[in-house]
């Protein structure tokens with residue numbers, strides 16, 4: 001116990017954020033006016049990775065200033081080197097019996113969400129009560145599961161990234177594009193050497209997602225892959241390896257080599273060696289065009305289904321002393337005007353939507369989203385296409401099965 005308390009004290013001194021005095025928690029989460037009233041005057045401590053100056057500046061400007069001006073809330077952004085830092089903070093407070101902790105909001109990943117959920121240290125039953133939660137497609141497993149762990153109303157999305165393909169509209173017309181994984185193989189074998197994909201594995205997550213998308217299509221959907229099912233894997237993985245082995249001789253260099261990562265694939269595309277690249281960027285080909293690595297005519301697109309994406313989330317600590325302010329912040333992240341702002345690289349964030357833009361009906365909000373999308377230009381995939389094709393990732397256990405299986409059954413075969 002002494003060691004835990006010492007860690008807690010040292011962490012508090014290093015972060016410069018002592019637990020705040022308890023604030024009024026008198027609100028009804030189903031009465032938003034009462035939440036706003038309770039939140040006014042509070043300081044919300046947002047613990048988040050602080051390694052990007054541009055993201056830090058974006059958070060301070062777009063959220064910090066707005067929270068203060070609109071709601072009388074002060075945003076205290078607490079940068080950490082790793083999410084494990086605030087996880088340890090919250091767990092240490094639990095062991096020490098701290099009821100009013102240092103952490104209010106966390107920018108959290110799936111692994112740490114699972115850890116804190118198991119420890120019963122997450123605020124419950126709030127995410128879908130936010131007014132802007134109506135703009136989120138909670139029915140999609142890409143959102144209601146966080147790397148295989150049910151969200152269970154304990155975290156709210158902030159942004160997203162989704163697999164897309166890129167082509168050059170000067171070389172190919174849109175009506176020639178493949179729209180399914182079966183059509184990708186047909187196209188590749190009709191144009192030998194002009195297609196390849198990133199090698200699945202560490203650093204090659206786009207390749208892993210491409211292979212998983214093939215698995216979804218072959219097996220008739222993504223639902224059965226959300227929890228580990230060895231029988232399903234044994235049934236469908238042979239068909240997956242068959243697809244990839246039939247595709248391999250049609251690939252660049254006859255499948256004798258694969259690009260190790262996105263930049264290597266971009267180089268092949270830029271040099272005219274292949275006709276498709278891959279990205280997860282909301283700007284599509286935009287950032288590569290801006291860097292001079294792709295032609296102005298490069299365009300991103302998605303297949304009709306099974307383009308795997310994932311979401312960034314925020315969660316609220318169970319012992320947060322400023323839950324009302326935390327709720328207001330989480331709701332603000334989903335506000336269409338800020339969803340519109342976050343997709344623009346010049347604002348410093350440049351990640352995709354957390355909301356389904358097709359659910360936005362307010363004319364002003366729709367205009368803001370459309371204006372931002374127009375700034376991304378023709379090089380980006382339309383938001384409605386991304387929403388239509390979105391698929392969630394598999395349960396985490398399939399990561400190793402896919403990557404090791406690819407090595408054994410495709411590369412080494």
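Read the figures in this text as sums done on the coordinates, not as results from a lab. In this text the structure is predicted, and so the values were computed from the model without any measurement. Counting neighbours? That spans all protein chains shown, and the Cβs are built from the backbone with ideal geometry, glycine included.
GNM on the chain, alpha-carbon springs under 10 angstrom: the most fluctuating residue among 120, 104, 310 is 120. Taken over segment 202-289, the percentage of Cα pairs per 10 Å bin, counting from 0 up to the bin with the maximum distance, is 14, 40, 32, 13, 1.
Relative to the longest principal axis of the Cα atoms of the chain, helix 205-219 runs at roughly 70 degrees. Taking 7 Å steps out from each Cα toward its Cβ at residue 171 and residue 401 produces label points 3.5 nm apart.
Rounded, prolate or oblate, given the Cα gyration tensor of segment 139-252, with a/c below 1.5 counting as rounded?
Oblate, because a/c is 1.5 or more while a/b does not exceed b/c.
May I ask you to compute the full-extension gain from residue 245 to residue 180, defined as 0.36 nm times their residue separation minus their alpha-carbon distance, rounded to one decimal in nm? All intermediate terms of the calculation are to be shown ahead of the outcome.
Values: separation 65, 0.36 × 65 = 23.40 nm, distance 1.74 nm.
Additional length available on full extension: 21.7 nm.
Model label sites at residue 409 and residue 287, defined 7 Å from Cα along the beta-carbon direction, differ in position by 3.2 nm. In this calculation the C-beta distance from residue 82 to residue 260 is compared with R0 = 25 Å, giving a FRET efficiency of 0.50. Ranked by how many other Cβ atoms sit within 10 Å of their own Cβ, fewest first, the residues 250, 189 fall in the order 189, 250. Legend: calculated FRET efficiency, residue 273 to residue 374, from the Cβ-Cβ distance at R0 = 30 Å, rounded to 0.05, equals 0.40. Between residue 296 and residue 57, the contour length at 0.36 nm per residue exceeds the Cα-Cα span by 83.1 nm.
Relative to the longest principal axis of the Cα atoms of the chain, the long axis of helix 83-96 lies at roughly 40 degrees. Helix 230-247 and the long axis of the chain differ in direction by around 50°, with both axes built from C-alpha atoms.
Report, in deg cm²/dmol and to the nearest 500, the calculated mean residue ellipticity at 222 nm for the chain, where each DSSP H run with n ≥ 4 adds -39500 (n - 2.57) and the sum is divided by the residue count.
Rounded to the nearest 500, the figure is -12000 deg cm²/dmol.
Applying 0.36 nm per residue to the separation of residue 364 and residue 30 and subtracting their alpha-carbon distance, the gain on full extension is 117.7 nm. The modelled label-to-label distance between residue 96 and residue 118, using points 7 Å beyond Cα along the C-beta direction, is 2.4 nm.
Taking a ≥ b ≥ c as the square roots of the eigenvalues of the Cα gyration tensor, an a/c ratio of 1.5 or more together with a/b no larger than b/c marks segment 233-334 as oblate.
Once a ≥ b ≥ c are taken as the square roots of the eigenvalues of the Cα gyration tensor of segment 58-120, is the result rounded (a/c under 1.5), prolate (a/b larger than b/c) or oblate (a/b not larger than b/c)? It comes out prolate by the Cα gyration axes. Placing a label point 7 Å from the Cα of residue 223 along the Cα-to-Cβ direction, the residues of segment 235-249 with a backbone N closer than 19 Å are 235-236.
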